[in-house]
1. Pop the C-beta distance of R220 and R280 into the FRET formula with R0 = 30 Å and round what comes out to the nearest 0.05.
2. Taking R0 as 41 Å, what's the FRET efficiency between V258 and S18 from their Cβ-Cβ distance, rounded to 0.05?
3. How large is the translational diffusion coefficient of segment 250-321 in µm² per second when you combine the Kirkwood radius over alpha carbon pairs with Stokes-Einstein at 10 °C and 1.306 mPa s?
4. Across 10 Å bins from the origin, how do the percents of Cα pairs in segment 199-331 run, short distances first?
5. Which distance in nm do the two modelled labels at A77 and S273 give, with both placed 7 Å along the Cα-to-Cβ direction?
6. Fewest Cβ neighbours within 10 Å first, please rank K108, K216 accordingly.
7. Would you mind computing, in nm to one decimal, how far apart the modelled labels at R196 and D33 are, each placed 7 Å from Cα along Cα→Cβ?
8. Given the rule -39500 (n - 2.57) for each run of at least 4 DSSP H residues, summed and divided by the residues of the chain, what is its mean residue ellipticity at 222 nm, to the nearest 500 deg cm²/dmol?
Amino acid sequence: MLTFLVSVALAASPPVDSPEYKEQLTEAIRRHDGGDYEGAITVYRSMLTTWPHEPRLVYELALSMNAARTRPDEVVAFVEGEFKLMKAPIPELYSLLGSLWDARREVKTGEAWFRKGLAKFPKSAELRFNLGINLAVQGRSNEAEKELLRCAQTEPHRAGLWRTLSILAFQDDRVTDAVLTKMRLVVLDPRSKWGRAGAAEVDELLRRAVSVEDGKVTIRVSNPDDMVFGMVVAASRTKEGLTPGEQFVEAMRMLLEVVSEQPKTPLRRAAVSLFLEAKRAGVLEAALWELRAAANDPEAETWFSTHQSEAEAFEAFLREPRAQARRNSPL
């Protein structure tokens, strides 16, 4: 019996925190990040012979297979096959399987995987976010918004979250909510494709909501809940001595002030929270001029060049939120 136990111990795989595991994993990730997906796949498959059904290896291998354009059904079959044999799946695997099924337009199956994952890992923001996207694709807007706002409780600086919420609000003709969520997105990641598009979309929503012709201001909003939005924009347009950029900043400042005083929906409370923090930190004006900078407004460059201390304080204020946005939503 003693001989048998010793032989089993000798045949056991090294632990996943061993130098051998870490070195090989680092090499595989290096190859993947360098675009050598086939090389990464080779390393991962070799590792799985030593550490069979190890969840992290299965996950990373599937990512490399997907990047190497392996047939989606083959990737799904591999992950689901491994899934049945591993002792403790990680939340990333549920998220990956859900996303793989979503990519195949089998969104109901994708939803099922996200929900299975959340049943085991209810605090996973990644699973919550992906479920929200899945529900949005299915046209289940109210459910999607609730899941995305639950994600925002733990990862409030996920840029893709605010982009999706803005799309849902726009689809539902909620102009105020669309503007607030787009503002949040732009400030988090103003130089990204999504951020620049969001800044242009905010401008477009303002033009649609209010027009000024021959000194006459006309408010055009179909949703009564958006009348306050139209009124504050109109008020900023009629103030004398303001440049177009200053009119925008004043309109957004007034909108945030009114919205923060009104009874808040969960969406509005979440959307304006960053701006309220910016106000407390004394950098709200800089945050609003950042919206103009993302829209390529030359006035913004002038403002930042003449307000160096405010600009530096604003950058310091947003350093960590923007780092989180880059980590969670690479754009």
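1. Values: r = 34 Å, r/R0 = 1.14.
The value I calculate is 0.30.
2. 0.10
3. Value of D from the Cα-based Kirkwood radius: 123 µm²/s.
4. 11, 37, 37, 13, 1
5. So the label points at A77 and S273 sit 4.5 nm apart.
6. K216, K108
7. 2.6
8. Only helices count here, giving -24000 deg cm²/dmol.
FYI, it's all coordinate maths here, none of it is from the lab. Just so we're clear, the structure is a prediction, and the values are computed from it rather than from any experiment. Neighbour counts run over all protein chains shown; Cβ positions are idealised from the backbone, glycine included.
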